[in-house]
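The values are calculated or read from the model by the stated rules, or taken from the named source; none is laboratory data. Note that the structure is predicted; figures quoted are calculated from it, not measured. Because the Cβ atoms are built from the backbone with ideal geometry, glycine has one as well, and the counts that use them run over all protein chains shown.
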There are 2 protein chains.
Amino acid sequence: MAGDLEAQVLDATKGCIERWGVERFTIADVCRAACCSRATLYRAFPGGRETLLEALRVRELETFLTTVRLHTDGATDLEDLIVRCMTVATSELRHDEQLATMLAAAPGEVATQLTVDGVPRIVRLATTYFTPLLEQFVDRDRALELVELLVRVVISYFLSPSSRYDFARAEDARDFVRLHVLSTTPTASTTSNTTNTTHDRSTRP
Amino acid sequence: MAGDLEAQVLDATKGCIERWGVERFTIADVCRAACCSRATLYRAFPGGRETLLEALRVRELETFLTTVRLHTDGATDLEDLIVRCMTVATSELRHDEQLATMLAAAPGEVATQLTVDGVPRIVRLATTYFTPLLEQFVDRDRALELVELLVRVVISYFLSPSSRYDFARAEDARDFVRLHVLSTTPTASTTSNTTNTTHDRSTRP
DNA sequence: GACGGTGAGACACCCGGCGTCTTATCGTCT
DNA sequence: AGACGATAAGACGCCGGGTGTCTCACCGTC
């Protein structure tokens with residue numbers, strides 16, 4: 001029942017942000033929308049506004065990562081898995097209506113959240129979501145490194161699209177991955193080779 | 001050039017209200033949108049926020065009344081003129097997107113503006129817009145009375161639609177006008193009779 | 001009857017928007 | 001060039017209202 005209250009308040013917060021913007025909504029607004037008193041809200045989210053926003057960001061990020069992970073089911077090898085993550089994540093980001101609105105209204109705020117303040121959280125959550133998947137193909141340390149790298153790359157190319165790579169296109173993502181992520185011999189042909197990299201420092205125990 | 005500034009600021013105000021709502025927008029927001037400093041805004045609208053809102057309400061009302069008056073061009077008699085005003089005004093009110101938004105978000109605010117605070121202004125402006133037209137058919141005093149009555153009736157039936165009359169339909173409006181506004185003998189047939197009412201107290205001097 | 005959860009409200013704090021004023025700067029006109 | 005009006009930028013005090021915390025009363029459950 002406590003989780004229900006949390007979800008209720010977070011839903012209300014999301015609605016208030018959509019209606020009035022992040023900097024204009026009010027705790028009282030959220031309470032009205034969630035049909036609860038301020039005391040209850042502060043009891044569920046000690047610290048108030050900042051805690052609330054942080055919890056909402058975490059929840060939104062979790063549903064985002066869940067969506068991405070759903071599209072990696074049939075991945076057969078490491079390259080395929082990574083490419084799928086990149087394409088799905090990129091197109092999801094591009095089609096996020098609320099994100100577009102916020103990018104138009106307050107680009108600085110979004111950029112900060114995606115490049116400075118938010119990166120540790122994003123990397124942490126993405127790690128818990130995708131490391132187990134990557135560990136099917138590489139060892140743990142390599143998986144951790146890859147997740148962090150991919151998070152940073154996807155975010156960067158989303159915020160400032162390159163004319164060279166469009167990660168919503170699987171071919172572009174694959175080219176990029178072969179060249180800069182799983183960099184074996186750059187003459188690798190198009191045959192689907194599940195080659196591990198030559199940099200594996202520790203074999204799985 | 002001063003009028004240009006006024007229009008610029010009022011446009012900006014309208015945009016800010018659409019984006020953030022009447023109670024959430026800020027003078028600084030308007031200045032940003034209007035590309036002027038706060039000093040300039042306060043010089044153009046002494047008294048600040050309230051003066052600004054009042055000026056915007058007047059301007060919006062003026063464009064509304066202008067629109068209504070545009071649709072009364074071919075009016076041949078008094079009944080036709082009044083019916084046209086009622087139908088056009090009602091459907092204009094119903095199709096006003098911003099008004100609908102505000103009615104959904106803050107019904108009390110809109111109702112107050114349309115029934116208490118705003119009525120004197122609306123009656124005053126509507127009088128200057130429509131009295132000359134009505135004076136083609138009735139004397140001045142009767143015209144003043146009619147305009148005020150029609151304003152109140154249209155507003156009331158817009159805010160709380162009746163199952164009996166839908167003033168967007170010309171027939172309903174005509175029925176109402178014959179029965180309660182230009183009340184001659186209630187057995188009046190459908191022939192377009194330009195009868196003045198029997199209640200004319202003062203003949204034109 | 002004890003207890004956890006909730007609503008309602010009081011309280012002090014303080015941020016930020018408001019309205020006013022002053023100063024510097026720019027363009028225009030004489 | 002000099003005078004003048006309009007504007008931008010900023011400082012200033014004021015104050016409303018949002019914030020975060022606390023207390024108390026109430027309700028349903030066990």
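Before moving on, here are some points about what is shown:
- Looking at A:92, A:109, just one residue is within 12 Å of the chain's Cα centre (by Cα) and surrounded by 14 or more Cβ atoms within 10 Å (Cβ to Cβ), and that residue is A:92.
- Hits in segment B:130-144 - residues which are touching a helix residue (DSSP H, G or I) at 6+ places or on another chain (Cβ under 7 Å) and assigned to a loop (DSSP other than H, G, I, E, B): B:135, B:137, B:138
- Among the conditions (1) surrounded by 15 or more Cβ atoms within 10 Å (Cβ to Cβ); (2) within 30 Å of residue B:145 (Cα to Cα); (3) out of contact with any Asp or Glu (no Cβ under 9 Å at 6 or more places or on another chain); (4) at pLDDT 95 or above, the only one that residue B:66 does not satisfy is (1).
- In this entry, residue B:50 passes the filter for residues that are out of contact with any helix residue (DSSP H, G or I) (no Cβ under 9 Å at 6 or more places or on another chain), acidic (Asp, Glu) and either within 15 Å of DNA strand C (Cβ to nearest atom) or under 30 Å from residue A:17 (Cβ atoms) (or both).
- Residue within segment B:54-63 that is exposed (fewer than 14 other Cβ atoms within 10 Å of the Cβ), without any contact (Cβ under 8 Å) to a residue 24 or more places away in the chain, within 14 Å of chain A (Cβ to nearest Cβ) and among the β-branched types (Val, Ile, Thr) present: no
- So residue B:51, is it hydroxyl-bearing (Ser, Thr, Tyr), under 25 Å from the mean Cα position of the chain (by Cα) and more than 8 Å from DNA strand D (Cβ to nearest atom): yes
- In segment B:7-51, the residues that are acidic (Asp, Glu), exposed (fewer than 15 other Cβ atoms within 10 Å of the Cβ) and more than 14 Å from every other protein chain (Cβ to nearest Cβ): B:50
- Between A:26, A:66, the distinction of being touching a residue at least 24 places away in the same chain (Cβ under 8 Å) and either out of contact with any strand residue (DSSP E or B) (no Cβ under 9 Å at 6 or more places or on another chain) or within 16 Å of DNA strand D (Cβ to nearest atom) (or both) belongs to A:66 only.
- Residue in segment B:171-188 that is modelled with the highest pLDDT, counting only those that are part of a helix (DSSP H, G or I) and surrounded by fewer than 14 Cβ atoms within 10 Å (Cβ to Cβ): B:171
- Residues that are more than 10 Å from DNA strand D (Cβ to nearest atom) and over 12 Å from residue B:52 (Cα atoms), drawn from segment B:1-16: B:3, B:15, B:16
- All helices (runs of 4 or more DSSP H) inside segment B:1-115 with 1 or more residues being touching a Cys at 6+ places or on another chain (Cβ under 8 Å) and of a type in the set (A, V, I, L, M, F, W, C): B:2-20, B:27-34, B:38-44, B:49-70
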